[in-house]
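Working notes, structure below.
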Amino acid sequence: GAPLSVRDVTHTYGRGATAVPALGPVSLEVPAGEFLVLVGPSGCGKSTLLRLIAGFEGPTGGQVRVGGEVPRPGRQAGVVFQQARLLPWRTVGGNVELALRLAGVPREQRAARVAELLDRVGLAGTAQRRTWEISGGQQQRVAIARALAGSTPLLLLDEPFAALDALTRERLQEDLRRVSAEAGTTSVFVTHSVDEAVFLATRVVVLTRSPGTVALDVPVDLPRS
Ligand code: ADP
Ligand code: ADP
């Protein structure tokens, strides 16, 4: 099946009087290699949709399938959040190494893979650094390397550059575009920045919020700039 299929997905947090309708119904078919950017106002359900695709929780309604399967956390998708969430007691390389270990990469292959992944995200030679010694932009590069470590078909990114200064953000956008194209991964990237969407996307999907509900609005096919 398609790398990612979202069919009539809705999601509600809580139930009864405290129920919060957060998303949907949304349907999306995402072909291999696409760099899909989800844009929309705060609270329209972008993060919720990403979490459902990552398999962190099941949708209240509808179906999410990744490669034809119900997604399970860590199995089909590498995820990058706004905060890098690196383990401070491990080195830069150690953080990537752990992701490789969790992905089942044999011990004897890991050091070479760590070096290769760090090189790909522009961090060659930093494996021994401490995570708190490097800049916020470099931390997000490590987070991207970690997300690529599992060689999963999907890369999910939730406003990964929102906390960075403008220049750092631009550099990371350029590098992410290159890295994802090289890896041939299918990406879903959440942002509220239309500039960022247009720069990165092969396709933009706008989520809108109408009173009490959220609906998929317009898929726009853009040439990659
Ligand atoms: P976005 O990423 O577009 O800002 P979210 O997916 O974070 O939107 O949130 C969509 C809606 O769901 C919002 O109304 C938000 O307050 C609500 N929401 C998100 N997470 C939770 C949660 N864990 N519990 C209850 N409501 C939530
Ligand atoms: P916050 O720090 O905003 O409170 P959480 O730490 O509760 O958010 O994480 C939100 C969701 O992301 C949870 O479902 C959690 O399991 C998942 N998550 C957090 N960190 C990671 C990670 N490094 N890799 C994969 N999933 C993660």
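Where a number appears in this text, it was derived from the coordinates with a stated rule and is not lab data. Only a predicted model underlies this, so the values are computations on that prediction, with no experimental measurement involved. Methodologically, a virtual Cβ is constructed for each residue, glycine included, from the backbone with ideal geometry; neighbour enumeration extends over all protein chains shown.
Relative to 2.2 N^0.38 Å, what does the C-alpha radius of gyration of segment 39-106 come to as a ratio? Two decimals please.
Normalised Rg, Cα atoms only: 1.34.
Gap in Å between the Cα centre of segment 121-149 and the Cα centre of segment 1-65?
29
Using DSSP loop states and a limit of at most 13 other Cβ atoms within 10 Å to flag chymotrypsin sites (Phe, Trp or Tyr not before Pro), what is the longest stretch of the chain containing no flagged site?
Result for the longest clean stretch: 133-225.
Scan around VAL79 for amide H atoms under 5 Å from its own, H built in the peptide plane at 1.01 Å from N, and keep only partners 5 or more places away or cross-chain.
Correct list: LEU156.
Which is farthest toward the positive dipole end of the chain among ALA183, LEU38, VAL70, measuring Cα position about the Cα centre, with Cβ charges +1 (Lys, Arg) and -1 (Asp, Glu)?
Ranked along the dipole, the leading option is VAL70.
With a cut-off of at most 14 other beta carbons within 10 Å, and DSSP calling the residue loop, which trypsin sites (Lys or Arg not before Pro) in segment 10-114 qualify? Please list them.
ARG15, ARG85, ARG90
To the nearest 20 debye, what charge dipole does segment 109-154 have about its Cα centre, counting +1 at the Cβ of each Lys and Arg and -1 at the Cβ of each Asp and Glu?
Here segment 109-154 has a charge dipole of around 100 debye.
Rounding to the nearest 20 debye, state how big the charge dipole of segment 57-144 is about its Cα centre with +1 on each Lys and Arg Cβ and -1 on each Asp and Glu Cβ.
The calculated dipole for segment 57-144 is roughly 120 debye.
So for segment 66-151, what are the equivalent ellipsoid semi-axes in whole Å, largest first, each being the square root of 5 times an eigenvalue of the Cα gyration tensor?
21, 15, 11
For VAL194 and ALA112, compute 0.36 nm times the residue count separating them, minus their Cα-Cα distance, and round to one decimal in nm.
Length gained, VAL194 through ALA112: 25.8 nm.
Run lengths n ≥ 4 of DSSP H only: what is the helix-derived mean residue ellipticity at 222 nm for the chain, with -39500 (n - 2.57) per run over all residues, to the nearest 500?
Calculated from helices alone, the mean residue ellipticity at 222 nm is -10000 deg cm²/dmol.
Under 10 Å, Cα contacts only: if you run a Gaussian network model on the chain, which one of ALA115, ALA197, ALA143 comes out with the highest mean-square fluctuation?
Per the Cα network of the chain with a 10 Å cutoff, ALA115 tops the list.
Over the Cα atoms of the chain, what is the Rg over Rh ratio if Rh follows Kirkwood?
Value, to two decimals: 0.97.
In debye, nearest 20, what is the charge dipole magnitude of the chain about its Cα centre with +1 on Lys and Arg Cβ and -1 on Asp and Glu Cβ, if you could check?
660
Given the options THR18, THR60, THR91, which has the most mean-square fluctuation in a GNM of the chain, springs set between C-alpha atoms less than 10 angstrom apart?
Comparing THR18, THR60, THR91 in the GNM, the peak value goes to THR18.
Placing +1 on the Cβ of each Lys and Arg and -1 on the Cβ of each Asp and Glu in segment 98-211, which of LEU100, LEU156, VAL206 has its Cα farthest towards the positive end of the resulting dipole?
LEU100
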